[in-house]
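J.: Once you've had a glance at the structure underneath, I'll fire off some questions.
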């Protein structure tokens with residue numbers, strides 16, 4: 001049987017750091033997305049045109065900001081990878097002559113914390129990319145609803161009546 005309790009503290013810490021990184025950098029952009037999706041699938045309170053407008057205008061602009069923040073995160077991840085390579089070379093240069101384990105295992109052990117950090121970055125990046133895909137699908141769905149509502153208005157237009165264009169009413173006369 002696998003003993004998960006052995007890793008519980010580390011896993012809690014890793015999840016906490018990952019969630020914190022997501023909350024600090026990305027949660028702001030995706031706050032309203034889930035509630036808008038709930039409104040989109042609601043049968044009792046259909047999504048309003050104002051909410052559709054928000055999805056079709058604000059959300060794509062937010063995705064540009066998310067993309068910028070995501071690129072910064074990917075850059076940080078690449079810097080950590082490069083620093084790991086540099087540290088690996090330094091560790092290999094300064095290896096003691098006699099080791100109880102293989103040299104590659106020793107180097108891997110020295111870089112384990114950095115690998116955990118890279119795993120956290122990968123997790124957050126994957127989560128944000130999934131949220132972005134979700135947003136794109138939401139935008140496409142809202143666009144279809146928007147277009148459907150507009151085409152209904154074109155086929156069955158309802159507009160205000162211009163009173164000035166109505167014929168004058170004459171008593172006892174019918175319009176033919």
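The values are calculated or read from the model by the stated rules, or taken from the named source; none is laboratory data. Source: prediction; values computed, not measured. Cβ atoms come from the backbone with ideal geometry, glycine included; neighbour counts cover every protein chain shown.
J.: Of the residues 72, 98, which is more than 23 Å from residue 139 (Cβ to Cβ), loosely packed, with under 12 Cβ neighbours inside 10 Å and modelled with pLDDT of 85 or more? I'd like the intermediate steps shown before the answer.
T.: Working: 98 fails: modelled with pLDDT of 85 or more.
Testing whether each residue is more than 23 Å from residue 139 (Cβ to Cβ), loosely packed, with under 12 Cβ neighbours inside 10 Å and modelled with pLDDT of 85 or more leaves just 72.
J.: How about the range 88-101: which of its residues are in contact with a helix residue (DSSP H, G or I) (Cβ under 7 Å, 6 or more places away or on another chain) and outside any loop (DSSP other than H, G, I, E, B)?
T.: 88, 91, 92
J.: While we're on this one: Restricting attention to the range 21-36, report how many residues are surrounded by 15 or more Cβ atoms within 10 Å (Cβ to Cβ) and more than 13 Å from the chain's Cα centre (by Cα).
T.: To start, the set of residues in the range 21-36 that are surrounded by 15 or more Cβ atoms within 10 Å (Cβ to Cβ) comprises 21-22, 25-26, 29-30, 32-33, 36.
Narrowing further to those that are more than 13 Å from the chain's Cα centre (by Cα): 21, 36.
Selection size over the range 21-36: 2.
J.: If you don't mind, another one. Only one of these is in a helix (DSSP H, G or I) and either closer than 30 Å to residue 53 by Cα or touching a residue at least 40 places away in the same chain (Cβ under 8 Å) (or both): 138, 75, 82. Name it.
T.: Numbers: 75 fails: either closer than 30 Å to residue 53 by Cα or touching a residue at least 40 places away in the same chain (Cβ under 8 Å) (or both); 82 fails: either closer than 30 Å to residue 53 by Cα or touching a residue at least 40 places away in the same chain (Cβ under 8 Å) (or both).
Checking each option against the conditions leaves just 138.
J.: Given the conditions (1) closer than 23 Å to residue 11 by Cα; (2) modelled with pLDDT of 85 or more, report the number of the one that residue 109 does not fulfil.
T.: Going through (1) closer than 23 Å to residue 11 by Cα; (2) modelled with pLDDT of 85 or more one by one, residue 109 breaks only (2).
J.: When you check residue 9 against the structure, is it under 14 Å from the mean Cα position of the chain (by Cα) and under 30 Å from residue 112 (Cα atoms), yes or no?
T.: So residue 9 fails the test.
One line per residue, one yes/no per condition, for (1) touching a strand residue (DSSP E or B) at 6+ places or on another chain (Cβ under 8 Å); (2) within 12 Å of residue 138 (Cα to Cα); (3) surrounded by 12 or more Cβ atoms within 10 Å (Cβ to Cβ):
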position: 19; (1), (2), (3): no, no, yes
position: 39; (1), (2), (3): no, yes, yes
position: 64; (1), (2), (3): no, no, no
position: 77; (1), (2), (3): no, no, yes
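J.: Go through 150, 87, 127 for me and flag whichever is at negative phi and surrounded by fewer than 13 Cβ atoms within 10 Å (Cβ to Cβ).
T.: Details: 87 fails: surrounded by fewer than 13 Cβ atoms within 10 Å (Cβ to Cβ); 127 fails: surrounded by fewer than 13 Cβ atoms within 10 Å (Cβ to Cβ).
After applying the criteria, what remains is 150.
J.: With the requirement that a residue be touching a helix residue (DSSP H, G or I) at 6+ places or on another chain (Cβ under 9 Å), free of Cβ contacts under 8 Å to residues at least 24 places away in the same chain and part of a helix (DSSP H, G or I), what does the range 36-50 give you? Reasoning before the result, please.
T.: First, the residues of the range 36-50 that are touching a helix residue (DSSP H, G or I) at 6+ places or on another chain (Cβ under 9 Å): 36-37, 39-40, 45-49.
Subset that is free of Cβ contacts under 8 Å to residues at least 24 places away in the same chain: 39, 45-46, 48.
Passing the criteria: only 39.
J.: Spot the failing condition for residue 106; the list is (1) out of contact with any helix residue (DSSP H, G or I) (no Cβ under 6 Å at 6 or more places or on another chain); (2) free of Cβ contacts under 8 Å to residues at least 12 places away in the same chain, and only one is missed.
T.: (2)
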